[in-house]
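As structure tokens, the structure follows; a few thoughts come after it.
The values are calculated or read from the model by the stated rules, or taken from the named source; none is laboratory data. What you see is a predicted model; the values in this text were computed from it and never measured. Cβ atoms come from the backbone with ideal geometry, glycine included; neighbour counts cover every protein chain shown. To get the accessible areas, we keep the full protein, side chains included, count just its heavy atoms, and leave off ligands, DNA and RNA. Shrake-Rupley method; radii C 1.70, N 1.55, O 1.52, S 1.80 Å.
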Amino acid sequence: MPLLSVNAVGSVATPADPGPTLADRLRQSLATLPPDAPVVLLLHGFRFSPEFPKSNPHTHILALEPRQNCWKATSWPRHLGFGRTADEGLCIGFAWQARGSIWQAYAAAALAGTALAALVGQIQDIDPGRRVDVVAHSLGARVLLTALPLLAAGSIGRAILMSGAEFGSRAAWALSSPAGQTAEFINITTRENDLFDFLIEACLRAPHRGDRALGQGLPVPARNWLDLQVDQEATLAALAALGHRIAPPHLRVCHWSAYLRPGLFGLYRALLRDRDTLSLALLRARVPPRPEPRWSRLLALPVIRRSLLIGGKAAS
């Protein structure tokens, strides 16, 4: 069983379809895995919900064969190397109620984090020491970061956060937990997501005055955290030199670029399956240390520079 579909019902993790219990499905799936095969949890973001057919992530990005007629419906499990052979590991699509307003979804993400922690705990109880990795987009990053303080050290191996919709201070707090200290985090940022980061800061109450969204990186450096800006020329050149060619950005604003841009899923697959050749130390030595300032790509447009110049002259 290369793909297991799970739903968060409140703070409880349950199978997405009728049949055996979640514990029984996990036992069956884990019993057949080679010792070094990964378990990868996939966490979607805003606007998805398993309760609504048209926004069900199990028939969309979390499916091996997406059935939704949508330009964003690309199979995360397939691109991460699942669905081809029996020894590739176990992929778990984790769905939660992320519809409603951004305030409702932000609160629901914290509740889903409790369900995620219970799921990871079950995996560790059944198969102690099994590596559990995470790929999360948008509010899915908040789901994971909320779960971390509820988990034991070593519960999570490596996490890839794509355009995470959470505040930097909350991420730093989660990293201070036992599970947060033993995991590795690759924070995928892009200036294409600047508008969405700005809206997170404008609409939600930050834990601290001046707190920034994760698109601006972790506020305090951490040895197990890497900010990777995937629309930065120097970053793309460094990744190409390591054998990972990623298409340059062609949109100025896009919340889904972090998983739709050609080449990125190949990088994520390597980060999860070939981590010895893509260590954080190696990447940190090759890529720029900090993301570029917000709006830097938009401000590079000649029409915007011209408007600012005219506005500056008019105001002077």
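Extent of segment 29-81 along its three principal axes (Cα atoms, max minus min coordinate, largest first): 37, 20, 16 Å.
For the ranges 260-266, 222-228, what's the packing order if you count other beta-carbon atoms within 10 Å of each residue, average per peptide, and put the highest first? Please list the in-between numbers first.
Details: 260-266: 17.0, 222-228: 18.7.
Highest mean packing first, the order is 222-228, 260-266.
When only C-alpha pairs under 8 Å and at least 6 residues apart count, what is the relative contact order of the chain, in percent?
15
Counting only DSSP beta bridges with both residues in segment 1-111, the antiparallel share comes to about 30 percent.
Take every DSSP beta bridge whose two residues both sit in segment 73-218; close to 10 percent of them are antiparallel.
The modelled label-to-label distance for the pair D17/D87, using points 7 Å beyond Cα in the direction of Cβ, is 2.8 nm.
Report for the chain the percent antiparallel among DSSP-assigned beta bridges with both residues inside it, nearest 5. Can you show the working numbers first?
Working: 5 of 34 bridges.
Beta bridges within the chain, antiparallel portion: roughly 15 percent.
With N counted as the residues of segment 110-158, its alpha-carbon radius of gyration over 2.2 N^0.38 Å works out to 1.05. With 30 Å as the cut-off, how large is the P(r) tail for the chain, expressed as percent of Cα-Cα pairs? The proportion of pairs with Cα distances above 30 Å equals 30 percent. If only the Cβ of Lys and Arg carry +1 and only the Cβ of Asp and Glu carry -1, the dipole of the chain around its Cα centre is close to 960 debye.
Could you state the accessible area per residue of segment 128-275 in Å², with a 1.4 Å probe and every protein chain left in place? It would help to have the intermediate numbers written out before the result.
Details: 5410 Å² over 148 residues.
So segment 128-275 comes to 37 Å² accessible per residue, rounded to a whole number.
Here is what passes the span test in the chain: the DSSP H helices with alpha carbon length of 20 Å or more along the helix axis and a Kyte-Doolittle mean of -1.0 or above are 102-126.
With a 1.4 Å probe and all protein chains left in place, how much of the accessible area of the chain comes from carbon and sulfur atoms, in whole percent? Please report the intermediate quantities before stating the final value.
Numbers: 8070 of 13900 Å².
C and S fraction of accessible area: 58 percent.
Across the options G89, P53, L42, the greatest Cα extent toward the positive end of the charge dipole of segment 38-109 (unit charges at beta carbon of Lys, Arg, Asp, Glu) belongs to P53. Placing pseudo-labels 7 Å out from each Cα toward the beta carbon at D274 and L260 gives an inter-label distance of 2.7 nm.
Please give the direction-averaged projected area of the C-alpha convex hull for segment 185-290, in square nanometres with one decimal.
Values: hull surface 27.6 nm².
Answer in nm², one decimal: 6.9.
Taking every protein chain into account, the 1.4 Å probe leaves S279 with about 40 Å² of accessible area, to the nearest ten. At a probe radius of 1.4 angstrom, the accessible area of segment 32-99 per residue rounds to 44 square angstrom.
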